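*Asks:* Okay, here's the structure, questions in a sec.
Values in this text are rule-based calculations from the coordinates and carry no lab data. A quick note: this is a predicted structure, and the numbers were derived from the prediction, not measured. Glycine gets a Cβ as well: all are built from the backbone with ideal geometry, and neighbour counts include every protein chain shown.
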Amino acid sequence: MKGIFHKLICAASLAALSCSCFTGIESTPRISAGDVRKRDAATQTPEQLFLSDIRSERPADWKRGKRFVVTDDKVSIIFAPGFGNADSLCGHDLVFERFIDVPSVTGDVALQAVFTVDDRDGELRYPVDVSADKLSERQRLEVPFSVERSIVERVDSAMRDSIYYISTPKWFSAANDKAIVGKRHIPVRILKVVPGTYIYPLKVYFRPVGGSDDCWLPMTVGADRAATRNFSTVFNFDDPRKRYPQISDETWELIINSKVREGMTRDECRLALGAPNSYRTIPVINAVVEQWNYDDGIYLIFEDGLLTRFRI
């Protein structure tokens, strides 16, 4: 009889999750990943502060010789007609030379940024299409399909040879660039930081402490672009295990392998899978049911703070 009653409660809980109300009680509004991050980050952590002073240089401060490494051959579309280059530029540096005034189609004067490439003749001109006065007010000037080399060099200097605890299992093999599933919350040594892509400007190479295989992951820095993978989202300075002495060794082994099981707490599941993309909480009879949703249809269902059902 007790087993039947428990099944009825579970069924009622799941039914409540699939509709907007249950026995007249409306569900709480859906909460986004951004809301989760705001709730969990009331103050900035040391990881969030690290590298926060590294940002793009104001265009008014650009000096001759400033370099941008090209990450995509689509960069050719940004140059003024007659100043493009049909040859591949990916992996080469655009070297800033100067800004020049050019009459616009409206008769006004606009700027173009003039670049050269080390082993190529001629110039490449990138239309900025604003006046010098307007440009001086900007905090940043985008050069699409490229990465500011000075930013990469500063991050490399700050991170190289350091040991951090990695918090994401989404790694890439350095041998063939194939995606692999790594471990969470284990120590890794940073080997180097090199230019990545326009979206993720950094490729951080590392090796697990005690391991022999080199890997890498994409990373962002600062707040100039959508900084979804800044240092604080992929690394920790200290061993997270020390902050959770109450977690058993058996459960911690599941966590570092991104696995969960029934009976785990919300903190344990967050350590294992990261923060959910969204979640919702619904009061039901004799319990509070909470559903966490991740990508690819992954979800976790908690009753009174303990994991009771999941799909991974």
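*Asks:* Given R₀ = 45 Å, what would the calculated FRET efficiency be for N257 paired with T197, taking r from the Cβ atoms and rounding to 0.05?
*Replies:* 0.95
*Asks:* With contacts defined as alpha carbon pairs under 8 Å and 6 or more residues apart, what's the relative contact order of the stretch 231-311 in percent?
*Replies:* 21 percent
*Asks:* Quick check on the exposure proxy: order T251, T228 from fewest to most C-beta atoms within 10 angstrom.
*Replies:* T228, T251
*Asks:* What is the gain in length, in nm to one decimal, between T116 and A132 on full extension, counting 0.36 nm per residue of separation less the C-alpha to C-alpha distance?
*Replies:* That works out to 3.7 nm of additional length.
*Asks:* Then there is this: Which residues in the stretch 123-148 have a backbone N closer than 18 Å to a point placed 7 Å from the Cα of D101 along the Cα-to-Cβ line?
*Replies:* Answer for this model: 127-137.
*Asks:* Return the distance in nm (one decimal) between the two label points of a simple spin-label model at N176 and V288, each offset 7 Å from Cα along Cα→Cβ.
*Replies:* 4.8 nm
*Asks:* Can I ask one more? For a footprinting-style exposure proxy, rank S258, S162 by other Cβ within 10 Å, fewest first.
*Replies:* By the 10 Å Cβ count, ascending: S162, S258.
*Asks:* Okay, next question. Apply 1/(1 + (r/R0)^6) to the Cβ-Cβ distance of D304 and R55, taking R0 = 45 Å, and write down the FRET efficiency to the nearest 0.05.
*Replies:* 0.50
*Asks:* Then there's this: For the stretch 59-147, what Kirkwood radius comes out of the mean inverse Cα-Cα distance, in Å?
*Replies:* 13.4 Å
*Asks:* Right, another one. Using Cβ contacts closer than 10 Å as the measure, can you line up V155, V204 from fewest to most?
*Replies:* Result, fewest neighbours first: V155, V204.
*Asks:* What nm distance separates the two modelled labels at R266 and S157, each placed 7 Å from Cα along Cα→Cβ?
*Replies:* Computed distance between label sites R266 and S157 equals 4.3 nm.
*Asks:* Report, in whole Å, the centroid distance computed from the Cα atoms of the stretch 89-151 and the stretch 49-75.
*Replies:* The two parts, judged by their Cα centres, are 12 Å apart.
*Asks:* For a bin width of 10 Å, list the pair-distance distribution of the stretch 160-236 built from all Cα-Cα distances, rounded to whole %.
*Replies:* 20, 57, 21, 1
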